[in-house]
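A quick write-up on the structure given underneath.
The values are calculated or read from the model by the stated rules, or taken from the named source; none is laboratory data. Everything numeric here is computed off the predicted structure, so don't read it as measured data. Cβ sites come from the backbone with ideal geometry, for glycine too, and all protein chains shown count toward neighbours.
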Amino acid sequence: MTQRQKALAGKITPEMKQVARDEGLAPGQVLELVKAGRVVILKNALHDVKPIGVGEGLRIKVNANIGSSPYHMVVREEIEKLRIAVEAGADTVMDLSLGQFLNRIRKEIVKRSLAPVGTVPIYQVGFELSRKQKHVEDMTLSDFLRVMEKQAKEGVDFMTIHAGTTRRAWELMKAGGRVLNVVSRGGSMLVAWMEAHGKENPLYEGFDEILDIAEEYDVTLSLGDGMRPGAIADAGDRPQIEELITLAELGARCLERGVQVMIEGPGHVPLAQIETNIRIQKSLTGGLPFYILGPLPTDIAPGYDHIAGAIGGAIAGAAGADFLCYLTPAEHLRLPTPQDVREGVIVTRIAAHVADLARGRRGAWERDRAMSKARARLNWDTMFRLAIDPEKARKYREESEASGEDFCTMCGEFCAVKALKRILGE
């Protein structure tokens with residue numbers, strides 16, 4: 001049984017109890033949220049990993065994408081990215097590997113990860129076809145289901161499935177108007193298949209069989225947005241909204257089967273449209289958890305897309321998004337390095353925390369208040385402990401000429417806090 005099926009039966013599971021402890025809720029509250037489909041618990045029934053809750057009333061979670069490319073396949077480097085991502089505070093990781101070592105990398109990541117692991121099965125399908133000198137247009141539904149079940153058996157906790165990228169959405173895109181057509185890798189594969197065959201997306205038509213696998217292993221389906229805008233000029237257009245309507249329909253089918261589900265959201269969205277995007281998704285889907293990439297509120301920040309994405313992510317989280325997929329400084333430019341992964345996780349965690357503050361989450365407010373009190377006392381060790389990136393904060397402090405003093409080198413002895421402590425006799 002899936003976590004949702006158990007919730008529908010009124011059974012509080014160990015996973016629900018763990019999520020309740022982590023979130024400061026009663027187990028019964030978590031059960032009701034899972035029952036309503038507003039919270040998912042990311043944990044494959046076969047994976048020995050700490051469950052993570054995503055959704056309404058919970059702390060906003062952060063995902064880190066890792067994985068090799070066909071041009072750079074170093075297993076130990078992906079394991080190092082995993083270590084760094086989790087150490088930096090990522091709640092989950094997704095392995096997006098391509099290349100001849102993809103199976104080995106995924107198995108190592110699932111085995112070693114302390115956090116739930118996600119994948120995009122169609123990536124493996126496409127790569128396996130290419131090794132046979134075939135194209136993604138040669139894919140059959142059986143090819144996809146075989147790979148999906150293989151990954152589920154290995155313990156993958158959640159999977160992106162582009163079942164909502166339909167012919168209708170593609171025809172709307174072909175009608176014109178977009179600056180950038182399909183920027184989703186999975187979406188582009190399915191568009192190529194539909195163009196070649198003149199038929200509907202096989203993942204849409206075979207969705208019941210996809211549900212069979214998800215139900216058996218309690219894999220949470222993350223319904224992918226193959227028509228997401230890759231340019232802010234394209235945000236909120238007809239293909240994007242058409243696909244979202246389909247994702248809402250597919251999400252309802254998941255709930256009917258007792259399968260856990262979340263919806264993936266747009267990539268590039270102007271700042272003024274982000275809140276609207278979130279509200280439309282929540283309204284159409286009845287409050288299903290929303291998993292978003294960024295969003296990026298500008299197209300001109302290569303090298304700094306992690307910062308642009310954090311700005312968008314903070315706005316989206318404050319408006320109701322539940323799960324932020326990080327961006328790294330390497331976005332749009334190259335495969336991320338381990339250091340890129342670390343920076344991406346940290347800035348996205350800042351965005352999630354800022355959004356949690358805006359949503360009035362008690363734990364977030366308590367942490368900020370504790371930091372302010374530590375600053376008032378010039379208690380550096382407590383400040384480091386409470387910082388999102390203690391390592392960097394401590395490093396900057398130790399490199400300061402005043403590292404042995406109770407002030408920093410910005411103000412020195414003219415430090416406002418120090419002066420007031422002296423005047424007040426504290």
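Rundown of residues vs (1) within 29 Å of Glu195 (Cβ to Cβ); (2) polar (S, T, N, Q); (3) modelled with pLDDT under 95, yes/no style:
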residue	(1), (2), (3)
Thr92	no, yes, no
Leu98	yes, no, yes
Phe101	no, no, yes
Val117	no, no, no
Tyr123	yes, no, no
Val147	yes, no, no
Met159	yes, no, no
Checklist outcome for this item: Filtering region 328-367 down to residues that are closer than 15 Å to Ala310 by Cα, among the charged types (D, E, K, R) and assigned to a helix (DSSP H, G or I) yields Asp340, Arg342, Glu343, Arg349, Asp356
Checklist entry - Quick one: how many residues across region 293-308 are farther than 17 Å from Ala272 by Cβ and in contact with a Leu (Cβ under 9 Å, 6 or more places away or on another chain)? => result 6
Checklist entry - Does region 6-15 include one or more residues that are in contact with a Lys or Arg (Cβ under 8 Å, 6 or more places away or on another chain) and of a type in the set (Lys, Arg)? => result no
Checklist outcome for this item: Exactly one of Ala351, Ala314 is crowded, with 24+ Cβ neighbours inside 10 Å, touching a Gly at 6+ places or on another chain (Cβ under 8 Å), at pLDDT 95 or above and under 19 Å from His268 (Cβ atoms), and that one is Ala351
Checklist entry - Got a sec? Which of Lys153, Lys132 is charged (D, E, K, R), surrounded by fewer than 21 Cβ atoms within 10 Å (Cβ to Cβ) and more than 25 Å from the chain's Cα centre (by Cα)? => result Lys132
Next on the checklist: With in the same structural domain as Leu42 (by TED's automatic domain parsing), at pLDDT 95 or above and buried (at least 23 other Cβ atoms within 10 Å of the Cβ) as the only criterion, which of Ala196, Ala169, Ala192 stands out?
Outcome noted: Ala169
Item to check | Some residue of region 319-330 being surrounded by fewer than 24 Cβ atoms within 10 Å (Cβ to Cβ) and not aliphatic (A, V, I, L, M) | outcome: yes
Checklist outcome for this item: Here the residues within region 42-87 that are among the hydrophobic types (A, V, I, L, M, F, W, C), crowded, with 21+ Cβ neighbours inside 10 Å and in a loop (DSSP other than H, G, I, E, B) are Leu58, Ile60
Next on the checklist: Is it the case, given these coordinates, that Glu171 is assigned to a helix (DSSP H, G or I), free of Cβ contacts under 8 Å to residues at least 24 places away in the same chain and within 20 Å of Glu137 (Cβ to Cβ)?
Outcome noted: yes
Checklist entry - So, of the residues in region 389-415 that are at pLDDT 75 or above and assigned to a loop (DSSP other than H, G, I, E, B), which turns out to be nearest to Leu378 (Cα to Cα)? => result Ser400
Item to check | Matching residues, region 198-218, being in contact with a helix residue (DSSP H, G or I) (Cβ under 7 Å, 6 or more places away or on another chain) and closer than 16 Å to Leu141 by Cβ | outcome: Glu200, Asn201, Pro202, Leu203, Gly206, Phe207, Glu209, Ile210, Leu211, Ile213
Checklist entry - Quick check, is Gln5 more than 24 Å from Asp212 (Cα to Cα) and assigned to a helix (DSSP H, G or I)? => result no
Item to check | Pairs with Cβ under 6 Å, 6+ apart, first in region 112-139 and over 16 Å from Asn63 (Cα atoms), second at pLDDT 95 or above and assigned to a strand (DSSP E or B) | outcome: Pro121/Met159
Checklist outcome for this item: By residue number, the members of region 176-221 that are part of a loop (DSSP other than H, G, I, E, B) and basic (Lys, Arg) are Arg178, Lys199
Item to check | Selection status of Ser97, outside any loop (DSSP other than H, G, I, E, B), of a type outside the set (D, E, K, R) and farther than 21 Å from Arg349 by Cα | outcome: no
Checklist entry - List pairs: first in region 312-327 and at positive phi, second aliphatic (A, V, I, L, M), Cβ under 9 Å, 6+ apart or cross-chain? => result Gly320/Ile278
